[in-house]
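Values in this text are rule-based calculations from the coordinates and carry no lab data. For clarity, every value in this text was computed on a predicted model and none was experimentally measured. All Cβ positions, glycine included, derive from the backbone under ideal geometry; neighbour counts span all protein chains shown.
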Amino acid sequence: MLRYESGKNLSINPFYVSSFQDVTPEHLEDLAVFLFELLSSELKVTKAQSVSLKKIQKYYYQLTTEKHSLSSFHSFLKRQKEQLLKSLDIDAAFFNMTNFLHVLSEYVKDGLYSFLFEINEDQSYRLEDKRLIVFELDEVKDNKEILSVMLKLIKTAIQRTIWKNRNEKGVILFDEPPYTRSVRTVV
């Protein structure tokens, strides 16, 4: 069950891979979509921005061999930002590193929502490995930012578990009991 509790992590690590062989085009695509959604930009993501971010992610995985996380990725970008775009032959017009780092800073270190993606002992929790996922949204319905993150995780769960695995039947249930007015999503 994914339930938001103030100050506690969600036990989700979108960056987790067990080996470099797991760094597939699908993983990079999913991760890029997730990161762009965290940015919550009002503008449509361009193909050039998407290609740039995937190149950067792949480079991160090539140079960082363990303990992959949002915080690790953010630190990597901060350390490499001066030469990163040049070394990957990415024009600065295609990827605004300063803006990207600034917005993601809210989810790392001492950012307002840094606790959401902190890694714990078992950082391998992956949505696609679970047979049943319950998203409890009661506690987040009044917090626009955290509700947005949870809805993005629901979208990711649907993409990774239902659409990609056609061999098993997928079911999505939305439950809103009349007394508590909660929303429950089961994937």
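For this structure, a couple of remarks:
- Counting neighbouring beta carbons within 10 Å and listing from fewest to most, the residues F20, F115 come out as F20, F115.
- In order along the stretch 100-111, the phi-based Karplus estimate (6.51 cos²θ - 1.76 cosθ + 1.60, θ = phi - 60°) of 3J(HN,Hα) comes to 4, 5, 5, 5, 5, 4, 5, 10, 9, 6, 9, x Hz; Gly and Pro are listed as x.
- Whole-number D in µm² s⁻¹ for the stretch 2-101, Kirkwood Cα-pair radius fed into Stokes-Einstein, 10 °C, 1.306 mPa s: 110 µm²/s
- Straight-line cross-link reach from K67 at under 24 Å between alpha-carbon atoms covers these lysines, not counting any fewer than eight positions away in the same chain: K8, K54, K55, K58, K78, K81, K109, K130, K152.
- By other beta-carbon atoms within 10 Å, ranking H102, H74, H68 with the fewest at the front produces H102, H74, H68.
- Rough spin-label spacing in nm, given labels placed 7 Å along Cα→Cβ, for L147 and V51: 3.8 nm
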